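The structure appears below as structure tokens.
The values are calculated or read from the model by the stated rules, or taken from the named source; none is laboratory data. Computed from a predicted structure; not experimentally measured. All Cβ positions, even for glycine, are placed from backbone atoms using ideal geometry, and neighbour counts span all protein chains on display. Note: accessible area is taken over every heavy atom of the protein model, side chains too, but ligands, DNA and RNA are not part of it. Shrake-Rupley method; radii C 1.70, N 1.55, O 1.52, S 1.80 Å.
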Amino acid sequence: MDDSHAVVVGGGIGGLSAALALHRHGWRVTVLERAAELREVGAGLSLMANAVRGLDALGLGPALRDGGHGEAPGGIRDRHGRWLSRVDATEMVRQLGTTALGVHRATLHRTLREALPASSLHTDATVEHVEPGPDHAEVRYQGPDGPHTLRADLVVGADGLRSRVRAQLWPRHPGPVYAGSTAWRAAIAFPDPVPAAITWGPGAEFGMVPIGDGQLYWYAALNAPPGGHAPDELAALRERFGDWHDPIPALMAATPPGVVLRNDIHHLAVPLPTYVRGRVALLGDAAHAMTPNLGQGAGQAIEDAVVLGAVCAAGAAAVPAALAAYDEQRRPRSQAVARASFTAGRFGQQLRNPLAVAVRDSAVRLIPARAALRSMARYADWRPPVG
Ligand SMILES: Cc1cc2nc3c(=O)[nH]c(=O)nc-3n(C[C@H](O)[C@H](O)[C@H](O)COP(=O)(O)OP(=O)(O)OC[C@H]3O[C@@H](n4cnc5c(N)ncnc54)[C@H](O)[C@@H]3O)c2cc1C
């Protein structure tokens, strides 16, 4: 291929996946990350079958299966530990062809990083302006030694929830809004076997995901006003979830003080009318930040990346047509997943009224196993483009 050059704004899971997908299709890539160090903050991550297939397409499946924990999600319980819905793991794997994967975010990020040429990764590089132009795009950024301008055949805006690229090129878009819930997360040492599963209570959810090597990721989510904090977040959670079923109290007891992360959940409530402007494409949270209720945010970013790499396989000359195809393939699906995730949160974690919770729980108990499986598999059943 000719010297096709892509600049990727943002070195999160989405940006690195995009850089890797393009690199594997012969592109020269430059990743610009504003942080001083390339790393992923946060605890664990559930990667559903679609995300795992995307990572397979990027050549990382075997390494991540080794570094994480492969398991079908186990189902949903109430706070007393009674199963509302259980997933037939064998049948799910048979349908989807792979397990889901629990993985430490740092492991996924490191695996992506190590698959890229070190010379393509630039930290301390804050993008300030993107010029989308029809024949080439330009990116202005502040590096450690001052301002720079880069010319590229393609620019990928993978700069996350508060994307500067989106704000600049989609100035009328209202941006992210608070979804009504706050989440707490931790990755801890917990070698006892625990099924990957979630638990619902009124206006609350607790999730646990083994992430391999004797480690476990747990999260808790509550309806709450934005911007709150507690002097001791773990103590506040113990008070709220301390009487929930085993092993929830044990997980919190095994959590060292200071490792719990607290984040308000924001999402793009107004979907973008397009992910493309000239030679610039948005990807990941920049394009479709969603609530985490379906465990699909990073999964959709990985899908975006795999599709972007595939449509751009012909190189720089074909970029306009490639980006039209990217938008057509990715926008409907990622926005449908975002909508479904928000609805799942409203019906699941956010439902608070005790009567509504009782009706919901009874209804979920009555869903036949095959229908529950179909609904869980609905968005996980994605396959990368062939070729
Ligand atoms: C509580 C919670 C739980 C979640 N659980 C799951 C889960 O189980 N499974 C799942 O699939 N997803 C999950 N997600 C969603 C997932 O974390 C995100 O969708 C995913 O990490 C988004 O990746 P990204 O690369 O698009 O954005 P980000 O990770 O936000 O990366 C953007 C990067 O761009 C950089 N940047 C920003 N601005 C600039 C600039 N101007 N110049 C240069 N660099 C810049 C940032 O520093 C950052 O490194 C969860 C999210 C939350 C909040």
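Mean projected area of the Cα convex hull of the stretch 1-70, taken over all directions, amounts to 5.5 nm². Let me know the shape class of the stretch 128-220, please: from the alpha-carbon gyration tensor, a ≥ b ≥ c as square roots of the eigenvalues, rounded when a/c is under 1.5, otherwise prolate if a/b is greater than b/c, or oblate. Prolate shape, in that a/c is at least 1.5 and a/b is the bigger ratio. Hydrophobic, long helices, defined as DSSP H runs whose alpha-carbon span along the helix axis is 30 Å or greater and whose mean Kyte-Doolittle value is at least -1.0, occur in the chain at 319-347. Restricting the calculation to Cα atoms, the stretch 27-143 yields a radius of gyration followed by a Dmax of 19.2, 60 Å.
Taking only the alpha carbons of the chain, we obtain Rg and Dmax values of 20.7, 64 Å in that order. Ligands, DNA and RNA left out, the 1.4 Å accessible surface of the chain is 54% carbon and sulfur atoms. Measuring between their Cα centroids, the stretch 116-131 and the stretch 11-30 lie 12 Å from each other. Between amide H atoms placed 1.01 Å from N, distances below 5 Å from residue 196 occur with 74, all of them 5 or more places distant or on a separate chain. The magnitude of the dipole of the stretch 57-98, with charges of +1 and -1 set on the Cβ of Lys/Arg and Asp/Glu and taken from the Cα centre, is near 180 debye. Considering only alpha-carbon pairs that sit under 8 angstrom and 6 or more positions apart, the relative contact order computed for the chain is 24 percent.
With the helix formula -39500 (n - 2.57) applied to DSSP H stretches of n ≥ 4, the chain reaches a computed 222 nm mean residue ellipticity of -10500 deg cm²/dmol.
What the chain shows is 43 Å² of accessible area per residue, with the surface traced by a 1.4 Å probe over protein heavy atoms. Considering all different alpha carbon pairs of the stretch 67-196, the Kirkwood hydrodynamic radius works out to 19.7 Å. Semi-axis lengths, largest first, of the ellipsoid equivalent to the stretch 296-387 are 37, 14, 8 Å, with √(5λ) applied to each eigenvalue of the Cα gyration tensor.
Run the Debye formula on the Cα coordinates of the stretch 177-327, all scatterers equal and no solvent, and tell me log10 I(q)/I(0) at q = 0.10, 0.18 1/Å. Here log10 of I(q) over I(0) equals -0.49, -1.03. Relative to the Cα centre, the charge distribution of the stretch 335-380, modelled as +1 at Lys and Arg Cβ and -1 at Asp and Glu Cβ, gives a dipole magnitude of about 100 debye. Positive end of the dipole of the chain (Cβ unit charges, origin at the Cα centre): among 195, 344, 305, the Cα lying farthest that way belongs to 344. Which whole-angstrom value gives the distance between the alpha carbon centres of the stretch 240-257 and the stretch 137-154? Spelled out, the Cα-based centre of one part sits 47 Å from the other. Once you have a ≥ b ≥ c as the square roots of the Cα gyration tensor eigenvalues for the stretch 343-387, tell me rounded if a/c is under 1.5, and otherwise prolate or oblate according to whether a/b is larger than b/c. Oblate is the answer for the stretch 343-387, as a/c is 1.5 or above yet b/c matches or exceeds a/b. Given R0 = 45 Å, the distance between the Cβ atoms of residue 369 and residue 235 translates into a calculated FRET efficiency of 0.70. With Cα atoms defining each centre, the stretch 276-319 and the stretch 165-209 are spaced 20 Å apart in the structure. Counted by Cβ distance under 12 Å from residue 7, the other residues give a net charge of -1, where Lys and Arg count +1 and Asp and Glu count -1.
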